[in-house]
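Let me begin by presenting the structure, written as structure tokens, before commenting on it.
The values are calculated or read from the model by the stated rules, or taken from the named source; none is laboratory data. Bear in mind that the values here come from a model prediction, so they are computed numbers and not experimental data. In this analysis, Cβ positions are derived from the backbone assuming ideal geometry, glycine residues included, and neighbour counts consider all displayed protein chains. Please note that ligands, DNA and RNA were not included when accessible areas were found on the heavy atoms of the full protein model with its side chains. Shrake-Rupley method; radii C 1.70, N 1.55, O 1.52, S 1.80 Å.
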Amino acid sequence: EVQLLESGGGLVQPGGSLRLSCAASGFTFSSYAMSWVRQAPGKGLEWVSSFTSGGNTYYTDSVKGRFSISRDNSKDTVYLQMNSLRAEDTAVYYCAKTGQFDSWGQGTLVTVSS
Amino acid sequence: DVVLTQSPLSLPVTLGQPASISCRSSQSLVYSDGNTYLNWFQQRPGQSPRRLIYKVSNWDSGVPDRFSGSGSGTDFTLKISRVEAEDVGVYYCMQGTHWPRTFGQGTRLEIK
């Protein structure tokens, strides 16, 4: 059974940084792309970033230059380094398997506020 | 970017009755490999999203067969043959053909 467990969310001031982690199990992690999707309070879903199994990375325009996705295949974990955080980055951040989002974690809440 | 437009945005349905959600894309979702990467997700209240349908019409594991997906090119539909109480939530279409990945606005299904 695929399991995705996010961690690292919390309250951070505008301009601050956070690193989210997503620990995966139940599948051959290195063979699949991994993605981050967020959902602002009361809003819809927004794709944030993906890291393909081939090493390509993709970002939505609003986070380019501020967020960085990485993965450690030896630890079956994908990360999202978030810098220069803004109020509009406040959201639940979900880890999802592949670029088609076939499995999701439970999410971790990031709140950017002073 | 590909814009996905869902309708309706709110869908009150009587238990046991059918429901249908439309998703229209601003451009073709046919990928160079010939597949159309249009997926449907369900998000029940307080839960993470769950993928129901992938590549237009394929069921994910455990999805009841009262859900079905259809369409081609730029015009897609999710149908529920007989709505049950557990179907309450928000439904999203999403395209996995182009970068950036994009979602529709979501359709909120409620029981009348």
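Some notes on this structure:
- Solvent-accessible surface of the protein assembly as shown, taken per residue with a 1.4 Å probe and all protein chains present: 45 Å².
- Net dipole in debye of segment A:33-77 [+1 Lys, Arg Cβ; -1 Asp, Glu Cβ; about Cα centre; nearest 20]: 120 debye
- Sorting A:LYS43, B:LYS55 on solvent-accessible area from highest to lowest, probe radius 1.4 Å, gives A:LYS43, B:LYS55.
- Separation of alpha-carbon centers, segment A:1-69 and segment B:61-112, rounded to whole Å: 23 Å
- A:ASP72 contributes about 40 Å² of solvent-accessible surface, heavy atoms of the protein only, 1.4 Å probe.
- For chain B, the relative contact order works out to 39 percent when only alpha carbon pairs closer than 8 Å and six or more residues apart are counted.
- Using the Karplus relation 6.51 cos²θ - 1.76 cosθ + 1.60 with θ = phi - 60°, the per-residue 3J(HN,Hα) values for segment A:78-89 come to 10, 10, 10, 8, 10, 10, 6, 5, 10, 4, 6, 8 Hz, with x marking Gly and Pro.
- Averaged over the residues of peptide A:64-72, the number of Cβ atoms from other protein chains lying within 10 Å of each residue's Cβ is 0.
- Relative packing of peptides B:95-104, B:8-17 - highest average C-beta neighbours within 10 Å first: B:95-104, B:8-17
- About its Cα centre, chain B has a charge dipole of approximately 120 debye under the convention of +1 per Lys or Arg Cβ and -1 per Asp or Glu Cβ, with nothing else charged.
- Residue-averaged beta-carbon neighbours from other chains (10 angstrom radius) around B:88-100: 3
- Averaged over the residues of A:38-48, the number of partner chain Cβ atoms lying within 10 Å of the residue Cβ comes to 4.
- Tensor-based shape of segment A:43-114 (alpha-carbon gyration tensor, a/c under 1.5 rounded, otherwise prolate or oblate): prolate
- Per the Debye calculation on the protein assembly as shown with a single equal scatterer at every Cα and no solvent contribution, log₁₀ I(q)/I(0) for q = 0.09, 0.11, 0.13, 0.18 Å⁻¹ amounts to -0.36, -0.54, -0.76, -1.35.
- Solvent-accessible area assigned to carbon and sulfur over chain A amounts to 45 percent, based on a 1.4 Å probe.
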